[in-house]
1. Quick one: how many residues across the range 49-88 are part of a helix (DSSP H, G or I) and more than 22 Å from S168 (Cα to Cα)?
2. Please state which of the following conditions K125 fails to meet, knowing it meets all the rest: (1) farther than 21 Å from E70 by Cβ; (2) of a type outside the set (D, E); (3) in contact with a strand residue (DSSP E or B) (Cβ under 8 Å, 6 or more places away or on another chain); (4) open to solvent by 70 Å² or more (accessible area, probe 1.4 Å).
3. I'd like to know if the range 30-45 contains one or more residues that are within 19 Å of T109 (Cα to Cα) and of a type outside the set (K, R).
4. Give the range 116-162 a look and list any residue that's modelled with pLDDT under 95 and in contact with an Asp or Glu (Cβ under 7 Å, 6 or more places away or on another chain), or say none.
5. Being buried (at least 17 other Cβ atoms within 10 Å of the Cβ), within 22 Å of N40 (Cα to Cα), out of contact with any His (no Cβ under 6 Å at 6 or more places or on another chain) and of a type in the set (G, A, S) is the requirement here; does S61 meet it?
6. Just to be sure before I move on: is E9 under 16 Å from the mean Cα position of the chain (by Cα), open to solvent by less than 70 Å² (accessible area, probe 1.4 Å) and acidic (D, E) in the structure I sent?
7. Among E111, E56, which is at positive phi and of a type in the set (D, E)?
8. Take the range 12-41 and flag every residue that is assigned to a helix (DSSP H, G or I) and surrounded by 19 or more Cβ atoms within 10 Å (Cβ to Cβ).
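The values are calculated or read from the model by the stated rules, or taken from the named source; none is laboratory data. All of these numbers come straight from a predicted model, not from anything done at the bench. In this analysis, Cβ positions are derived from the backbone assuming ideal geometry, glycine residues included, and neighbour counts consider all displayed protein chains. Surface areas here come from the heavy atoms of the whole protein model, side chains and all, with no ligands, DNA or RNA. Shrake-Rupley method; radii C 1.70, N 1.55, O 1.52, S 1.80 Å.
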Amino acid sequence: MKAPPRLLEISPMRADDIAAVLHVESLCFATPWPRNAFYNELNDNKLAHYYVGRFEDRIMSYAGLWVILEDAHITTIAVEPIYQRKRFGEQLLVKLVEEAIERGARWITLEVRESNVAAQNLYKKYGFTVVSTRRGYYSDNDENALVMWAGNLKGAVYQNRLQALKESLS
């Protein structure tokens, strides 16, 4: 029997979280976002909603979402490598999906590296399917991105799936 997942404390990202977020960013991505990108997302982009994940009182993950009318776009999810595969990324994904639904989105999309099979499997678990490929999307190595979508977020089928998956997390 699997051990129950450890719960992440998820809260809205604030400007004073950016230093810790940049640390996570540098551990997770070959071409990290600069400080001003996060600052602009928090202060200037009214469509953006960013969260940090704390475990043992330390920021070790974060995630972001844009909601534009009925469409939502997951901009990023990152978990420090030593905390990966402990379902923290899944908890952040659930938070983003719930936020998208709460803000009126009916559809949600994201891009994921073609080589990131673990993330693709997580997204598929939550109803995302591959709809296209963006060739050479990632500038660090020209890797392709798979564009994934999940739809009808407010429908009974998706809501039941989300509820069952959330229950498995608690």
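1. 2
2. (3)
3. yes
4. Listed by number, the residues that qualify are G136, Y137, E143.
5. yes
6. No, not satisfied.
7. E56 is the lone residue from the list that is at positive phi and of a type in the set (D, E).
8. Within the range 12-41, D17, I18, V21, V24, E25, F38, E41 meet the criteria.
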